[in-house]
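Here the structure comes first, spelled out in structure tokens, and everything after it is commentary.
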Amino acid sequence: MGFDAEIDNSERNSVVENLKDEIQCSICCSIFEEPMKLDCCDGHICKKCFESVKKKFQNCPLCRKANFTAKFSRLMVTVLSQYKLFCPAEECNESVLYVNFAQHKKTCPALNKKPCPSCKKLYWHKDFADHFLCFEDIIKKAQADQKKLKDLETKNKSLKQSKESLSQNNKNLIALKTEHENKIAELEQFIAEDSKKIKNQKNNLSFLNKKISENAQKEQKKQKVWENKLNSAISESQKFLQQAEYNESRYSMLHAIVHEMTDKAERMKSDKAFLESELNAANNEIINLTEKLMANQNKSSGFFGLF
Ligand SMILES: [Zn+2]
Ligand SMILES: [Zn+2]
Ligand SMILES: [Zn+2]
Ligand SMILES: [Zn+2]
């Protein structure tokens, strides 16, 4: 196949301009590459074009003669060596001498490098296959990743549902928590009040304890006083008892004395009665005597004055 390239005629060479149709292959419609001259009709054709036509057809593509042959055309190469061709790669567009064009086609990065559809970096054609293997790996990986992504999406969906239910639970728990917190605050208030009461009661209790111990001390003192009093009373009563015993003995003694005296009195009574009777008798005697005396006096009134 020929060179599919534009001719550089910036030098405005008339020969170059005039012969530009003569250097084009009528099979590939490009500028000759390795031009051959057909023996049958002196026409020119690229070496590769000749080989491909020869395989498919028996007749010359230009003059239709059978069993056509061709030879390398030194003359056409000399003509072509006057030409400069632009590199067909837009990024290069270098003006290259015809004799160097085949080499340029092999080495021009713009022609021989291809951007990777994935990473967009430019690679030499020979390396591109390897890179493309990488790319296949990437595709496989991407497919695996896509599968993973799908799995993850389904997982994500279920997780989202879980999350929604959890957030609902969370809301409920938060509500419960606030409720409990309020209750706790209420209870804390109660506890504070109770502890206040307890403190007051403790104070009262300690006050009462103090009083009780004070009273106990007082009671103890009182008890001691009473004990002392009791002891003194007991000793007193013992004294009384001794006195009583003494009195009793004295009483019995006195009783005996009284008995004795009663007896004496009795005796004296009888004595008195006897004496009274004696006295009466004496009195009677006195009266008798007095009467006798009176009578005697009356009898001796003259003598009365002598007494
Ligand atoms: Zn021919
Ligand atoms: Zn050709
Ligand atoms: Zn180039
Ligand atoms: Zn790449």
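The values are calculated or read from the model by the stated rules, or taken from the named source; none is laboratory data. Because the structure is a prediction, the values reported are computed rather than measured. Using ideal geometry, Cβ is built from the backbone for each residue, glycine included, and neighbour counts are taken over all protein chains shown. All accessible areas refer to the heavy atoms of the entire protein, side chains included, with ligands and DNA or RNA removed. Shrake-Rupley method; radii C 1.70, N 1.55, O 1.52, S 1.80 Å.
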For the stretch 123-134, indicate whether the set of residues that are more than 16 Å from ligand 1 (Cβ to nearest atom), of a type in the set (Phe, Trp, Tyr) and under 30 Å from residue 8 (Cα atoms) is non-empty. yes
Given the criteria part of a helix (DSSP H, G or I), charged (D, E, K, R) and exposed (fewer than 11 other Cβ atoms within 10 Å of the Cβ), does residue 105 qualify? no
So, in the stretch 72-94, of the ones that are open to solvent by less than 80 Å² (accessible area, probe 1.4 Å) and in a loop (DSSP other than H, G, I, E, B), which residue ends up nearest to residue 34 (Cα to Cα)? 73
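Could we say that residue 216 is open to solvent by less than 80 Å² (accessible area, probe 1.4 Å), more than 16 Å from ligand 1 (Cβ to nearest atom), more than 30 Å from residue 118 (Cα to Cα) and under 47 Å from the mean Cα position of the chain (by Cα) here?
When the stated conditions are applied, residue 216 does not pass them.
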Taking the stretch 7-29, which residues are more than 11 Å from ligand 2 (Cβ to nearest atom) and either touching a His at 6+ places or on another chain (Cβ under 6 Å) or in a strand (DSSP E or B) (or both)? 7
Quick check on this structure: which one of 194, 151 is closer than 30 Å to residue 117 by Cα and in a helix (DSSP H, G or I)? 151
Lone unmet requirement of (1) open to solvent by 70 Å² or more (accessible area, probe 1.4 Å); (2) away from ligand 1 (no atom under 16 Å from the Cβ) for residue 112: (1)
Search the stretch 30-71 for residues being loosely packed, with under 14 Cβ neighbours inside 10 Å and at positive phi, and hand back the single one that is farthest from ligand 2 (Cβ to nearest atom). 67
How many of the residues making up the stretch 247-266 are aromatic (Phe, Trp, Tyr) and loosely packed, with under 11 Cβ neighbours inside 10 Å? 0
Would you point out which residue out of 49, 63 is away from ligand 4 (no atom under 16 Å from the Cβ), closer than 30 Å to residue 114 by Cβ and out of contact with any strand residue (DSSP E or B) (no Cβ under 7 Å at 6 or more places or on another chain)? 49
